[in-house]
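Remarks on the structure that follows.
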Amino acid sequence: MISVLGRISDSDKRKWIMRANLTTVLLISAIIQVSASSFAQKITLSEKNAPLMKVFRAIRAQTGYDFMLTARTLKGTKDITIEVKNAELNDVLKKIFEGQPLKYFVNDQTIIVSEKEGVGLSGKEKSLMDITVRGRVVDEKGEGLPGATVKLKGNESKVSIVTSSEGKFSINIPGENAVLIVSYVGYKTKEINVSGADVDLVIRLEPVTGQLEEVSVVSTGYQTIPKERSTGSFEKIDNALLNRSTGASILSRLENITPGLFVDRRLNSERAPGIGNISIRGLTTLTQAIATPLIIFDNFPYPGELENINPNDVESVTILKDAAAASIWGARAANGVIVITTKKGNYNRRTQVSFNTNLTVLEKPDLFTLKPMTASDYIDLEKTLFNNGFYNNKIDDIYTWPYLSPVVELMLNARQPGATISQEEADTQINTLRNHDVRNDYTKYVYRMGIAQQYALNINGGGNEFTYLLSGGFDNNRINVVKNQGQRITLRSAFAYKPISELEFEGGMFYTQSKDLASGNFSRLLYDPAVVLPYTRLANQDGNPLVVGRNYGVRFLDTADPRYLDWRYRPLAELDASSNTINTYDWLMNLGLNYKISKIFSASVKYQYGRTIAENTNLQRQESYYTRNLINLLTTFNGTEPKRNLPLGGVLGQFRGNNDAYNIRGQINASKTWNDKHQFDGLVGVEKSEKHLQSNSSTVYGYNEEVLTHADVDHLTQFISPVYSFVSLPSNIDINDQLYRFTSIFANAAYTYNSRYTISASGRKDAANLFGVNANLRGTPFWSTGISWDISKEPFYHFALMPFLKLRATYGYQGNTDSRLSAHSSIRYASANAYTISLPYADLINPANNDLRWERVGTLNLGIDFRSKDNVISGSIEYYKRHSKDVLNTTPLDYTTGFSSAIYNSSDLKGKGLDLSLHSLNLKGSFKWNTDLFLNYNSNKVTKYTPLNTDITNYINEGLAVSSGLIVGRPVYAIFSYGWAGLDPNSGDPMGYLNGEKSKDYTALTSVTPDQLQYHGSAIPIWSGAFRNTFTYKNISVSANIIGKFGHFFRRSSIDYGSLLNPNSTNIVGGHSDYALRWQKPGDESSTNVPSFIYPDDPLRDKFYAGSAILIDKADHIRLQDITLGYTLDRTSWAIKNVKIFANFSNLGIIWRANKLGLDPEFYRGYPAPRTIALGLNANF
């Protein structure tokens, strides 16, 4: 277990403990106050001509009793004049209700008010109300649901009541063939047939599980909006759907379950997706660092790392997709908003305890899906190159003594005069290497099955005037790479307190501590076919680490002075010779005050403070190859004693960063309903935020981790090493301090007429401390407007098969901002550096830009919501268009400015798309079958762009990131290539088209203009979707999710003879399995498209083939993403209720792919995401 306060300074500890004590005092005070008020039954009132509701509030304040009633119930009531002192509650109630068209009854701490029989009914209807139905509405755990609505079917507007705090109700209905409609937010509506005499009922409602559209309210982070009165585009993921998977990251649980949200897995096969991998409705900017959704965590932007949020603390997630939904967040909302709402306690609910745990097993990665050259092919190539003198320069180099592979060393030893090994013996040893595949060693010694454990405990409840929640979580992850592991502890509290009905205090604390351990940065041992020979052996038959060549040849190592430290590299020994530790501490505190000013107006003030501390230590011990090599390179000999310019000991790199974030918001809310036809909701507010980032880093040498000492070294001198290279010891000292401030004013309003027509408007103006010099550019307004029309409520609408149909339309502007930029000229200071004149220096990093401004994104959204009879089919269809203006981009400048380029608002983008969401109830009864389908279409294009340069290489890429090679009218992530004309049948040379003719003029073929390139399409999916089926039989459920991505392309890898023959620091080996498919003789061109191997190599020939159209393939595919099995034990008589046991199987594999090569187009650059199996249990007490 990790020490919660282990790495925090004493001063920080004292501050945090004081804050925790303050919260505890407030919570205890709330409980004491509630306990006292609950016993206060004597009432003193002095009211004259007071509205009935005012009197109810006064009674509640003195007694703690709640009043349950609807707004319609108070219609036609009389004002009250009453004068009582220390009177009994029962006597006061009799006086109040005397002469009123109301009746009441007291149920525990709740006074249920309803219309007297016959009020609002015709004479005939009155005569039919001849039985009284009492009952209790409960949830799936058997707990009462306060505020549930009970209506009489066919007379809903006149016969309706809400349940008490315990879920109880009493209603008068006809005695024959009556049907009650029972509904509650987040639960399926239920119809109950009642006939005969008075009855007592227990009505159990089922939660809406795993559906996106079956929701009544959505949260924007500023307000909670009834979905039926919203005009914007929202997607709400409830708790059941979030818990369908078991990932430790909240973002991983959102993948493939909601329309409009896309996760790019191409650079992230097995880790949980980071915020940089997520997009909502595509790209709106060319700046990769800000092309991410805004994350809102309990009403404020979340300042920490998303990995710190425990998904078990989350109640729901709402995705805000269009301008009407997200524009209230202004300059940070153009890429969409993800609103995370955490679990809270509830008023008038007894203590609830829930516990869940799961164990996830992650299989070893399948390294054999990668495509390196075989050991035999690589050895044959080395022999060919050796016989052609390719290695002679390295062999003759007695100054730097470059590394030679084992095969080359064997052939050299057999060839040179006085050879110690015969050619036959060399060939025998070489042929032994042919049978070895290094992937087997990595699979055996480096990778392992990963295991992730999650535990979470939640305690919540509340009384009449307070709510509380306490939760804790522990995650323990054994990563599937040896020596890698991670742990996380989360603690959270939340409370609310109402001393009077109009006033509510709320607050909470959130603390996360995580620790990740891995091998040191310079000792990591992950398989990469570009840097390890295919026949390398990592261990002998006993599992002991073997020496693997690196940097220097064997002849140098064998003759090196024995006073050097051991200079040989043993990869497996590196695992214990270094460590990389990342500690993260994340603390968040929020406080709020809500006050009901009147029936119409309320006010709120919210404050949040967050602090994130990140500490990273990278230790390369003296035993590590990195440190031994560095010490040796800086060692000279003066007589018999070595002089070590780098003393013995380890090399320790350290980083510490603090992120302090402050947010405060004041808000006035208005809500009014009148004449049963008009509904107005609005808010206006002001907000201020500040983020202060501080960090420092350094490197120390000669580090002794036992006594925590280090040596003083010369950071400025360039030393000459034994292999005639220059070596220095940089201090890597870096100190950073950044302060960002935002101020905002905002407003939002919506008006609904007759429950059919809604108009909405939203506005916000943001200002920042870094933007333009001109005052009018520092703050920018963002706005939206929207309308909706519930056609199904029109008198002329009589389509029984589709009882609900609604149209929506919105338009508005959101923004993007890059807080790293400044309108002023910026200068960068640096310390003394030996590369200059050993003096401090500075350089200008950007010119002044007085016109720097926010990026603006206009969005049009058109939507249709529908629901068929009995909810058999429901869903929505949305079409949207986006126009990004003033997009920041690196723009060429006149060289006379002193800069070749700078970032300006110089580009524009356009995008459009379609979101389709369908839910169907295919079968009902004891065997249920539900289907959820969503389909997304999204495309974008560049509409304004000034190229930084016309180097054709910028346009030939994989579309993994925004490049400088963009073409107006094409997508940002576009795939271009050189036209392909096949292989020359006589030589196997690749051919292209030049002026319509086949050509092998590689200089001309690779010097075409961008408009002459062949365009294939987007590198990211144009279409994507998911098809999820859930089958339920009694207490057993089975759910399977199939996902698909279509309309895009990928550039597959192949043999690159240039990298094979000219290795570099990042591509030491080169090679690809396509080498075995190369053209070798005339006629091969009919069965292969891999060019022949030539020596010497032609770099332009390789460049043309690597960028040619033959290596572009369609990326369309369908995969079975996961299957979930569940079994629920629901025994209301047990102390432990609603126990659910489940199993989840993820990353199950591709069902269909468009390419014929068997490649996984999502993970073509590495191995696919390993399969996982998770077993878990949820229990409620």
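The values are calculated or read from the model by the stated rules, or taken from the named source; none is laboratory data. The structure presented is a predicted model; accordingly, all values stated were derived computationally and were not measured. We place every Cβ from the backbone using ideal geometry, glycine too, and count neighbours over all the protein chains shown.
A few points about this structure:
- Of the residues making up the stretch 384-396, those that are surrounded by 15 or more Cβ atoms within 10 Å (Cβ to Cβ) and either assigned to a loop (DSSP other than H, G, I, E, B) or touching a helix residue (DSSP H, G or I) at 6+ places or on another chain (Cβ under 7 Å) (or both) number 4.
Residue by residue, here is whether (1) assigned to a loop (DSSP other than H, G, I, E, B); (2) at pLDDT 95 or above holds:
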position	(1), (2)
Arg524	yes, no
Tyr527	yes, no
Val531	yes, no
Phe556	no, no
Asp561	yes, no
Leu575	no, no
Thr581	no, yes
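- Lone qualifier among Ile975, Ile967, Ile1043, Ile1020 - being in contact with a Leu (Cβ under 9 Å, 6 or more places away or on another chain), crowded, with 17+ Cβ neighbours inside 10 Å and outside any loop (DSSP other than H, G, I, E, B): Ile1043
- Residues located in the stretch 1071-1087, provided they are under 42 Å from the mean Cα position of the chain (by Cα) and touching a residue at least 40 places away in the same chain (Cβ under 8 Å): Gly1071, His1072, Ser1073, Asp1074, Tyr1075, Ala1076
- Just one of the listed residues (Asp441, Asp427) is at pLDDT below 95 and part of a helix (DSSP H, G or I), namely Asp427.
- Residue match in the stretch 375-382 (condition: free of Cβ contacts under 8 Å to residues at least 40 places away in the same chain and of a type outside the set (Gly, Ala, Ser)): yes
- Answer residue from the stretch 1112-1129, given it is surrounded by fewer than 19 Cβ atoms within 10 Å (Cβ to Cβ) and not charged (D, E, K, R) and is modelled with the lowest pLDDT among those: Leu1129
- Of all the listed residues (Leu546, Leu593), the sole one being under 25 Å from His436 (Cβ atoms), modelled with pLDDT of 95 or more and not acidic (Asp, Glu) is Leu546.
- Search result, residues across the stretch 703-721 that are free of Cβ contacts under 8 Å to residues at least 40 places away in the same chain and not in a loop (DSSP other than H, G, I, E, B): Thr709, Ile720
- Single residue of the stretch 591-615 satisfying the filter (among the polar types (S, T, N, Q) and buried (at least 18 other Cβ atoms within 10 Å of the Cβ)) that is farthest from Ala573 (Cα to Cα): Ser602
- Residue tally, condition at pLDDT below 85 and of a type in the set (A, V, I, L, M), over the stretch 228-250: 1
- Qualifying residue in the stretch 459-476 (condition: among the acidic types (Asp, Glu), outside any helix (DSSP H, G or I) and over 30 Å from Ala1174 (Cβ atoms)): yes
- For the stretch 1145-1165, the criterion of a residue being farther than 14 Å from Arg1052 by Cα, outside the structural domain of Arg265 (by TED's automatic domain parsing) and not in a strand (DSSP E or B) is satisfied by no position.
- Picking from residues in the stretch 748-807 that are assigned to a loop (DSSP other than H, G, I, E, B) and among the aliphatic types (A, V, I, L, M), the one that is modelled with the lowest pLDDT is Val773.
- Of the residues making up the stretch 105-123, just one is buried (at least 18 other Cβ atoms within 10 Å of the Cβ), hydroxyl-bearing (Ser, Thr, Tyr) and either over 25 Å from Gly461 (Cα atoms) or at pLDDT below 65 (or both), namely Ser114.
- Residue tally, condition assigned to a loop (DSSP other than H, G, I, E, B) and of a type in the set (A, V, I, L, M, F, W, C), over the stretch 1086-1105: 3
- Per-region count, the stretch 703-727, residues within 29 Å of Tyr399 (Cβ to Cβ) and either surrounded by fewer than 16 Cβ atoms within 10 Å (Cβ to Cβ) or β-branched (Val, Ile, Thr) (or both): 11
- Spans of strands (runs of 3 or more DSSP E) in the stretch 24-92 with at least 2 residues at pLDDT 80 or above and either among the hydrophobic types (A, V, I, L, M, F, W, C) or within 21 Å of Thr110 (Cβ to Cβ) (or both): 43-50, 80-87
- For the stretch 124-154, the set of residues classified as at pLDDT 70 or above, within 24 Å of Asn675 (Cα to Cα) and more than 39 Å from the chain's Cα centre (by Cα) consists of Val150, Lys151, Leu152, Lys153, Gly154, listed by residue number.
- Taking the numbered list (1) free of Cβ contacts under 8 Å to residues at least 24 places away in the same chain; (2) in contact with a Ser or Thr (Cβ under 6 Å, 6 or more places away or on another chain) in turn, Phe726 passes all entries but (2).
- Counting only strands (runs of 3 or more DSSP E) that sit completely within the stretch 616-702, those holding 1 or more residues that are surrounded by 20 or more Cβ atoms within 10 Å (Cβ to Cβ) and modelled with pLDDT of 95 or more correspond to 650-674.
- Qualifying position, being under 30 Å from Glu687 (Cα atoms), polar (S, T, N, Q) and in contact (Cβ under 8 Å) with a residue 12 or more places away in the chain, among Asn594, Asn632, Asn618, Asn645: Asn594
- Residue match in the stretch 185-195 (condition: within 39 Å of the chain's Cα centre (by Cα), at pLDDT 70 or above, at negative phi and assigned to a strand (DSSP E or B)): yes
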